[in-house]
Amino acid sequence: MAAPSILFGMRRTQPPSRVRVRAPGGIGNIGPGLDILGCAVTGVADEVELAWSDEPYRGQLRIADPGHPELPTDPARHSSAIAALAVLRIAGVRPERSLVMHAHKGLPLSGGQGGSAASAVAGAVAMNALLGDPLDERALLSAALDAESSVAGRHADNVAPALLGGVVLVRSVDPLDVVRLPVPSALRVVLTHPEQRLRTAEARAVLPKTIDHALFIQQSANIAAMVAAFASGDLELLRRALDDRIAEPARAPLLPGFSDAKAAALGAGALGCSISGAGPTSFAFAPDDETAARVAAAMCAAYHARDVRTSSRIERIDKRGARLMSS
């Protein structure tokens, strides 16, 4: 029942008839943290507006706007609707009136910026607010994870930061156990998005089925060092730890220009650079605005040299997560 104060900093005396929720995108698989480390990022986001209608409830909700022409209007296939209906199920509520959803897709489709997770979180939080906030954060995360599982696989490194904000360590999915980590205030995030789409299923299909013992030890050490770096604010340790030996080498061949862009980012002073989520977006961490600007320019130039059109933006880690915009 504490979800309103934790998530939004506000309480309501009675449930609203219409709500609008914004959920940030982010970076999954931060460096070596495949399915383990994720963070929310400021800037563009996904939004969901959910409202009661005067029609009787018939077990579904109507999607008046899916948010993008390529997204389905079938609520059984739209991540926002799946998450919203999961909230109804978990809360044990069967409403008398039907529901209408309007979605706004600010994040790119199949872009590696946590778009499906943000949509799921926005749908879950919107439904929870419409019902008067019966679910806590853990139950909301479970509902969003159900939706994310249907479109991108069962992993919480995107849904958890989209809901909670900040940098999140996913210790376990079943049962859910997530830990928020401190965020170094100086850290800047450069996101570079080539004009390419890469479905999560395709990117996961190239991951190795087995790994060498020594490689496992090194990857584990890098993940532990990243957690220590976030916890302590040690950016030099973060520089040494942001080294993915498993997913990045397997996925890089799917991403024309990425290897050159990474080399350019590091040459321009980035603390580290890797693939954001499943790709194709790449990310780099920088210690200040000036370095971030150099890194963004260098990455775009490297992609353009390979005739890959890109866009780039400089952001920070979003500490708030999902938020109620209006009701």
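The values are calculated or read from the model by the stated rules, or taken from the named source; none is laboratory data. Just so it is clear, the model here is predicted, and its values are computed rather than measured. Don't worry about glycine lacking a Cβ; one is built from the backbone with ideal geometry, like all the others, and counts go over all protein chains shown. These accessible areas exclude ligands, DNA and RNA; they are computed on the full protein's heavy atoms, side chains included. Shrake-Rupley method; radii C 1.70, N 1.55, O 1.52, S 1.80 Å.
Note: relative contact order over the chain, using C-alpha pairs below 8 Å and six or more positions apart, is 25 percent. Dividing the Cα radius of gyration of the chain by its Kirkwood radius returns 0.98 for Rg/Rh. Multiplying the residue separation of residue 215 and residue 76 by 0.36 nm and removing their Cα-Cα distance gives an extension gain of 46.0 nm. Estimated from the Cβ-Cβ distance and a Förster radius of 22 angstrom, the FRET efficiency linking residue 309 and residue 207 is about 0.20. Coupling constants for the stretch 269-276 follow from the phi torsions by the Karplus curve (6.51 cos²θ - 1.76 cosθ + 1.60, θ = phi - 60°), and in residue order they are x, 4, 5, x, 8, 7, 8, 7 Hz; glycine and proline get x.
Protein heavy-atom surface of the chain, 1.4 angstrom probe: 51% of the accessible area is carbon and sulfur, with nucleic acids and ligands not counted. Per-residue 3J(HN,Hα) values for the stretch 220-235, derived from phi via the Karplus relation 6.51 cos²θ - 1.76 cosθ + 1.60 with θ = phi - 60°, read 4, 5, 5, 5, 4, 5, 5, 4, 5, 5, 5, 5, 9, x, 7, 6 Hz in sequence order (x marks Gly and Pro). For the pair residue 290 and residue 224 in one chain, pulling the backbone fully straight at 0.36 nm per residue adds 20.9 nm over the alpha carbon distance.
At a probe radius of 1.4 angstrom, the accessible area of the stretch 30-187 per residue rounds to 35 square angstrom. Extent along the principal axes, Cα only, for the stretch 223-327: 42, 39, 29 Å, with the longest axis given first. Between residue 185 and residue 138, the modelled labels are 3.3 nm apart [label points 7 Å from Cα along Cα→Cβ]. Between the alpha-carbon centres of the stretch 96-155 and the stretch 284-300 there is a gap of 32 Å. Which is farthest toward the positive dipole end of the chain among 15, 79, 187, measuring Cα position about the Cα centre, with Cβ charges +1 (Lys, Arg) and -1 (Asp, Glu)? Farthest along the dipole direction, towards plus: 15.
The stretch between residue 301 and residue 65, if pulled fully straight at 0.36 nm per residue, gains 81.3 nm over its current Cα-Cα span.
What trypsin sites (Lys or Arg not before Pro) does the stretch 72-108 have in DSSP loop regions with at most 14 other beta carbons within 10 Å? Mind showing how you got there, number by number?
Numbers: sites: 77, 89, 97, 105; in loops: 77.
Answer in residue order: 77.
Surface analysis of the stretch 204-327 yields an accessible area of 46 Å² per residue, using protein heavy atoms and a 1.4 Å probe.
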